[in-house]
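The next block holds one structure in the form of structure tokens; read it before the comments.
The values are calculated or read from the model by the stated rules, or taken from the named source; none is laboratory data. Because the structure is a prediction, the values reported are computed rather than measured. All Cβ positions, glycine included, derive from the backbone under ideal geometry; neighbour counts span all protein chains shown.
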Amino acid sequence: MDVVQSTPRIIPDPEERSGLRAWLPYPSTEPCSDPVPHIRAKNLSIAYQGHQALRNVTLEIHRGCITALVGPSGCGKTSFLTSLNRLTDLIPGCQVSGNLHMHELDVLAPTTDVLQLRRTVGMIFQKPTVFPFSIRKNLELPLREHGTYDRTLLASAMEKVLQQVGLWDEVKDRLDHPAQALSGGQQQRLCLARALVLAPDVLLLDEPCSALDPLSSGIVEDLIVTLRGYVTVIIVTHNLAQARRIGDHIAFFWSCDGVGQLIEYDTAQAIFETPAHELTAAYISGARG
Amino acid sequence: MISSLNNISSRSKGDFLLSWSVRLLALMAGGLLLLVVSFLIHESWPALRDIGLARFFHDPDWSPIDESYRLTAMIWGTLLATAGAILLSAPLGILSAIFCHFYAPPLLSRGYRRMVELLAGIPSVVFGFWGLVVLVPIIGRWHPPGTSLLAGILILTLMIIPTIMLVAHASIAHVPIAYIHSASALGFSRGSLIWHVVIPTTKVGLFTGILLGLARALGETMAVLMVCGNVVQTPSHLFDPIRTLTANIALEMSYALADHRAALFVSGLLLMGLVVLIVSLAEGLRHRNFHVPAK
Amino acid sequence: MAVSLLATIGVIALCTICSLDASLAQAEGHKLVITGSSTMAPLVAEIGKRFETGHPGVRIDVQTGGSSRGIADVINGVADIGMASRALKSQEQHLHGSVIAQDGITIILHRSNPIRELTDDQIRAIYTGGVTHWNQVGGPDAPITVVNKAEGRSTLELFLDYFQVSNRDIHPHVVIGDNEQGIKTVAGNPHAIGYVSIGTAQYDATHGIPIRLLPLQHIPATIETVREGTFPLSRPLTLVTKSPPAGLIKTFIDFARSSQVNDLILKQYFLPLQG
Amino acid sequence: MSRQNRYLQESGTTAIIWIAATLVAVPFFCLMGDLLWNGLNHLSFSFVFSAPQNAGREGGIGPILISTLFILGVCMGVALPMGLGTALFLAEYTRHDHVPGRLIRGSLDVLAGVPSIVFGLFGNALFCQTFGLGFSILSGGLTLACMVLPILIRTVEESFRAISNEQRLSAAALGLSKPTTIRTILFPAAMPGLLVGVILGLGRAIAETAALIFTSGYVDRMPESLMDSGRSLAVHIYDLAMNVAGGNPHAYATALILVSLLFIINFSSSRMAARWMSFNQLPA
């Protein structure tokens, strides 16, 4: 399947997408080698109740890469992340302006079907947010919502994603137990599985490891790495070491006069070894931030 | 340049239906007050127009047959019964909340709280009935006939203690534990801890409880109707029978006609205004109380 | 659970609508609402029960409140028939009244009260505050508890009329609504005095309630003296309609006036029209 | 302050507080004891199910229980959907600080304070006369629905608000539509609050007398439809206590039943809420 030039639509037919396209591979193109950027933001600004939070961000994110957003708190990283699946719609008084495209899709256009958008753009939050019902229902709910009712399909999709996140052996005997009984790390992996079960093109991660203990954190991080090449991953992290370990590209944000800005965007190697901006250099060396 | 518009989250049919039906329901619920008030005004309009507000205070007495509509005796009855009940129940309610928090052993404290919650659930007609068959004869033996302002005060007291106690209990529970620890660390006795630390920090909560109790006492109908004797007169002592505004409505509504009926609606309107004032004061206080961060 | 709850709500709403429909259909012509005098309510309820057994599908609902309410409800159209324990007044002549029985008003005391008789003047003095102690009229050493009727009750109007006093001059200790409430108050207080319907009082007195009916002008308050026309404070029990009775209403009123209900009327200690 | 003085003061305070607590407890136990003592004698199977006779002095309370249930049914049938919808609107469809929400919330606060007798006046004027429903179970139920609506909405709204926003965000991030989010995630989570609201409303409705006297009336016979007048338990107690000489024994028994019903409702609600929570949040 040739993804490269085509897919102007992000809404494939349900049969093909219902979580079941074996959810595997996109083709084995090398990560980041796709010449057409997956996500293009141009002059993207975000304001809350008229107060500017992020100003004029312009960047291009590549298919299959892991892009890490780093920078001090309050510099608009999370705002940027949430604008990608238009969760910003849910925040009262939040205004997003500028251009934001995902392939050909104009994300910010009022006519965009946000439910389909969010279906193809998964998101994981800082704290695990399992729903207060069983593990099975946590995974089935999004699939059912998007039109998959077949029990065998549901079961196979569930098993695949749980194996993908390494949770299958831990929970296969208690799929009907409340998800909230799982440990924090398990819950976060379940959230990851829940996002992956919809076979997203893009995965947004908002400090997915910061609420976890180091061991669980490591497991989740390893999982994210396995997604390289399959899903476009954008991860907000405060952990520079982590960004260096897993990031293909790094976007460095900084807050000037209370307004977040993108200072520098480049490959991880460039950012960490030859930062172009003095703020970046100071931040990565631990001098500031 | 395009900017994203809020709340065009989905054009699904279900969402459209749901969002408009909840809007409609909310509109109906919000409009209910307007409906109640407008109906009360509509029904009391004949009296306000034909009789005029002044006559409710300057007529010789309450005697609808003779077209005489003085409400003052009943207003006094209502106010005195309420005031008496508050004077008794406020200290009792607050002290028993303190008892629950600082004096009672844990098991007793839980049981006591449970008891007060049950007391709060007892219907007013049961209070009235009990007052009628137990309390009134006791007072009657002392000073006949027994149906009196005193009986009303005692029954109302019993009815509003739970309100005051439960609100006081909740606001004492909100006192930061650090206050209590640091006061104890300073060697405060239990008494002075309560008097100098707990009461001042929960002032607003206690006052809110008293206001809510006040509103309940003002609006109470059945219990006072059953134990107060319902004679229209300004009481000169505790053993005089009285009639409250609420009891007057309950008693006469069933056969009131024309201006008489409208006059009862006027007293309902009056009552509602009074109670609403108190409740909104209490609500305002309560919100303020919860929004001030405990520092 | 959520779904089942929603379903339950739906079912309840549906049932409500259905039964509303059914009941509206049923309400047409098969239900009589009768409101008014508390004196007449027990009697009319009994008559209604008997009427229902002879007319299946018909339902007679009786609500009390006072004669004025009966008249008002008939005028407003809330009730089909009003009950008034008095004759229609001159300003009510546009309504149609049908007398079904005769009754009187009697003074009642607690049975333990040794007083056997009071003169009209004494009663007037007690009610207007001239006499406040039983020993002033030859009774025990106790203050008098004066029980008065609430306004809008024809018993009150007739009482005031008979004793030629104004309600303003009466200083009661307790104000009551229904006859039964008056009887209950007097039965519960050995030093109380009140006045109620003879029928209700006699019914209760013979059913073990500790009250005593006092004679008026030496004439004992009984059904017989009412029949002879000698009891000074008697009154007709009237069913009131807005327009001349017709249809089911007429059938019911005719039934209530017929000799078929004499035993019911006598059982309540009222005086039937015939016999 | 001398040590002895301080000791005296401390024990004085303690004594006062214990006395106050006893003063509250004693009437409660008197009342309950009185109800139990006088009510239990007359309580029997036939009392609960048979019809009242002789103005309630004899017979039972069967039709009155049924009327009460009907009235509560109408009340909840109307108040529940309205309350739920309004609470949803307030919690999920409008911002806390925006004008529509504040207006509705404010008017509900005011409505919550309106004395029940005023609701009686209103119900009588609107449902009985203007709508022409007369004295009927329907009028009574609708009047009670207006009365319990504020308390119901308040509790349900609070329980929706208590759900953490992350749940909403993560549901949205999965592309769940708002109706689905509400149905599958918010509604179950708000269930205990909803139950508590219903229970509080039921408790208030079942205890109500003043608003019912002028709306659902006095008729103590078995209701055949919602358009029939029906006497509720509380009105029955009132009538027996005030208007029926010799009615006290049955008034006691009815009061005992009413109070036990309320206790059962309260108790089972806290139990149900607790079980619901544990079902959702703890391993089974």
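The figures follow:
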{"item": "Residue within the stretch C:205-228 that is within 14 Å of chain D (Cβ to nearest Cβ), buried (at least 23 other Cβ atoms within 10 Å of the Cβ) and touching a strand residue (DSSP E or B) at 6+ places or on another chain (Cβ under 7 Å) present", "result": "yes"}
{"item": "Residues of the stretch B:253-295 classified as at pLDDT 85 or above and charged (D, E, K, R), total", "result": "1"}
{"item": "Qualifying residue in the stretch D:46-59 (condition: surrounded by 19 or more Cβ atoms within 10 Å (Cβ to Cβ) and in contact with a strand residue (DSSP E or B) (Cβ under 7 Å, 6 or more places away or on another chain))", "result": "yes"}
{"item": "Top-ranked residue of the stretch B:20-73 - restricted to ones that are under 30 Å from D:Ile104 (Cβ atoms), free of Cβ contacts under 8 Å to residues at least 60 places away in the same chain and among the polar types (S, T, N, Q), ranked as surrounded by the fewest Cβ atoms within 10 Å (Cβ to Cβ)", "result": "B:Ser38"}
{"item": "Tally of residues being at the interface with another protein chain (Cβ under 10 Å from one of its Cβ atoms) and in a loop (DSSP other than H, G, I, E, B) across the stretch C:58-79", "result": "5"}
{"item": "Subset of the stretch C:184-198 that is assigned to a helix (DSSP H, G or I) and within 12 Å of chain D (Cβ to nearest Cβ) - its residue that is farthest from C:Arg86 (Cα to Cα)", "result": "C:Ala187"}
{"item": "Helices (runs of 4 or more DSSP H) within the stretch D:86-184 that include 1 or more residues more than 10 Å from chain B (Cβ to nearest Cβ)", "result": "D:99-113, D:137-161, D:165-173"}
{"item": "Residue pairs meeting the criteria (Cβ under 9 Å; at least 6 apart or on separate chains; first within 12 Å of chain D (Cβ to nearest Cβ), in the stretch A:176-190; second part of a strand (DSSP E or B) and of a type outside the set (Asp, Glu))", "result": "A:Asp176/A:Ser134; A:His177/A:Ser134; A:Pro178/A:Ser134; A:Ala179/A:Ser134; A:Gln188/A:Ile124"}
{"item": "Pairs with Cβ under 7 Å, 6+ apart, first in the stretch A:251-268 and under 13 Å from A:Ile46 (Cβ atoms), second aromatic (Phe, Trp, Tyr)", "result": "A:Gly260/A:Phe253; A:Gln261/A:Phe253; A:Gln261/A:Trp254; A:Leu262/A:Phe253"}
{"item": "Residue satisfying condition, being away from chain D (no Cβ under 14 Å), of a type in the set (D, E, K, R), assigned to a helix (DSSP H, G or I) and out of contact with any His (no Cβ under 9 Å at 6 or more places or on another chain), within set A:Glu140, A:Glu159", "result": "A:Glu159"}
{"item": "Count - residues of the stretch D:1-35 that are under 32 Å from the mean Cα position of the chain (by Cα), facing chain B (nearest Cβ under 7 Å) and more than 15 Å from B:Tyr103 (Cβ to Cβ)", "result": "4"}
{"item": "Residue under evaluation D:Glu92, criteria (1) touching a Phe, Trp or Tyr at 6+ places or on another chain (Cβ under 6 Å); (2) more than 21 Å from B:Glu283 (Cβ to Cβ), criterion not met", "result": "(1)"}
{"item": "Helices (runs of 4 or more DSSP H) wholly inside the stretch B:173-260 containing at least 2 residues that are within 14 Å of chain D (Cβ to nearest Cβ)", "result": "B:190-193, B:199-219, B:222-227, B:245-252"}
{"item": "Of all residues making up the stretch A:169-185, the number that are in a helix (DSSP H, G or I) and under 25 Å from D:Gln167 (Cβ atoms)", "result": "7"}
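Per-residue answers, yes or no, for (1) touching a Gly at 6+ places or on another chain (Cβ under 9 Å); (2) in the same structural domain as C:Val186 (by TED's automatic domain parsing):
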| residue | (1), (2) |
| --- | --- |
| C:Gly208 | yes, yes |
| C:Arg212 | no, yes |
| C:His218 | no, yes |
| C:Val261 | no, no |
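Residue-by-condition table, conditions (1) part of a helix (DSSP H, G or I); (2) away from chain D (no Cβ under 11 Å); (3) more than 30 Å from B:Ala256 (Cβ to Cβ):
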| residue | (1), (2), (3) |
| --- | --- |
| B:Glu43 | yes, no, no |
| B:Thr78 | yes, no, no |
| B:Ala83 | yes, yes, no |
| B:Phe99 | yes, no, yes |
| B:Phe102 | yes, no, yes |
| B:Leu107 | yes, yes, yes |
| B:Arg114 | yes, no, yes |
| B:Ala120 | yes, no, yes |
